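The values are calculated or read from the model by the stated rules, or taken from the named source; none is laboratory data. Because the structure is predicted, anything quoted here is derived from the model rather than measured. A quick note on method: Cβ atoms are made from the backbone with ideal geometry, for glycine too, and the neighbour counts reach across all protein chains shown.
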Amino acid sequence: MTRLRPLVLIAEDFEDARELYRDYLEFSGFTVEAAANGREAIEMASRLQPDIILMDASMPVLDGWQATRELKSSPQTQHIPVIALTAHAFDDARQQAKVAGCDGFITKPCLPDDLVEKVRETLDGAGKRKPRGRL
């Protein structure tokens, strides 16, 4: 399936943040789907095959670190870039993101333009690493 606009999956339990990210990413030319917890994100990623996932670290049911580990261990989803979203700017949070398999890291709160820039930068890098036949 060829998409006209890249599909971003947002995994964020805080509804206001989810809607803010959705609105700005859609305004910036992306198609957006959203999950409210890590388990839902894994199911949606498997089904939808998004171009990129924005993963909140702290969520109910299954946290973002474990959800990312599961996504990266599955042949069906391991190719999807994951950007960690966390309120923790410390080096240990960056290290946790790296160990979990995240492809990028954004500290919340973030400016909408910074979020879009990181998504585009990561998608550009993913396209150079592995052609996906979309975009």
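Could you list, in sequence order, the residues of region 40-78 that are in a loop (DSSP other than H, G, I, E, B), loosely packed, with under 15 Cβ neighbours inside 10 Å, at pLDDT 95 or above and not polar (S, T, N, Q)?
Quick first cut of region 40-78, residues in a loop (DSSP other than H, G, I, E, B) only: 49-51, 57-63, 74-78.
Subsequent filtering for residues that are loosely packed, with under 15 Cβ neighbours inside 10 Å retains 60-61, 74-76, 78.
Add one more test, that the residue is at pLDDT 95 or above, and what stays is 74-76, 78.
Residue satisfying the conditions is PRO75 alone.
Taking only region 23-66 into account, find how many residues are acidic (Asp, Glu) and touching a helix residue (DSSP H, G or I) at 6+ places or on another chain (Cβ under 7 Å).
Just the residues of region 23-66 that are acidic (Asp, Glu), to begin with: 23, 26, 33, 40, 43, 51, 56, 63.
With touching a helix residue (DSSP H, G or I) at 6+ places or on another chain (Cβ under 7 Å) added as a condition, the list becomes 33, 51, 56, 63.
Here the count works out to 4.
Return only the number of the condition from (1) farther than 20 Å from ALA126 by Cα; (2) in contact (Cβ under 8 Å) with a residue 60 or more places away in the chain that ARG39 does not satisfy.
Here ARG39 clears every test but (2).
Matching residues to (1) more than 19 Å from SER74 (Cα to Cα); (2) of a type in the set (Gly, Ala, Ser):
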site	(1), (2)
ALA11	no, yes
LEU25	yes, no
THR31	yes, no
GLU40	no, no
ARG47	no, no
ASP51	no, no
ASP56	yes, no
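Going by the conditions given, is ASP23 modelled with pLDDT of 95 or more, in contact with a strand residue (DSSP E or B) (Cβ under 9 Å, 6 or more places away or on another chain) and outside any loop (DSSP other than H, G, I, E, B)? I'd like the intermediate steps shown before the answer.
Working: modelled with pLDDT of 95 or more: yes; in contact with a strand residue (DSSP E or B) (Cβ under 9 Å, 6 or more places away or on another chain): yes; outside any loop (DSSP other than H, G, I, E, B): yes.
In short, yes.
What are the residues in region 81-94 that are part of a loop (DSSP other than H, G, I, E, B) and out of contact with any helix residue (DSSP H, G or I) (no Cβ under 6 Å at 6 or more places or on another chain), if any? Step through it out loud before you land on a result.
At the first step, the residues of region 81-94 found to be part of a loop (DSSP other than H, G, I, E, B) are 81, 87-90.
Across region 81-94, the qualifying residues are ALA87, HIS88, ALA89, PHE90.
Which of the residues that make up region 14-70 are small (Gly, Ala, Ser), under 26 Å from GLN95 (Cβ atoms) and touching a Leu at 6+ places or on another chain (Cβ under 8 Å)?
ALA35, GLY38, ALA41, ALA45, ALA57, GLY64
Among the residues of region 95-111, count how many are surrounded by 15 or more Cβ atoms within 10 Å (Cβ to Cβ) and part of a helix (DSSP H, G or I).
Residues flagged as surrounded by 15 or more Cβ atoms within 10 Å (Cβ to Cβ) and part of a helix (DSSP H, G or I) within region 95-111 amount to 3.
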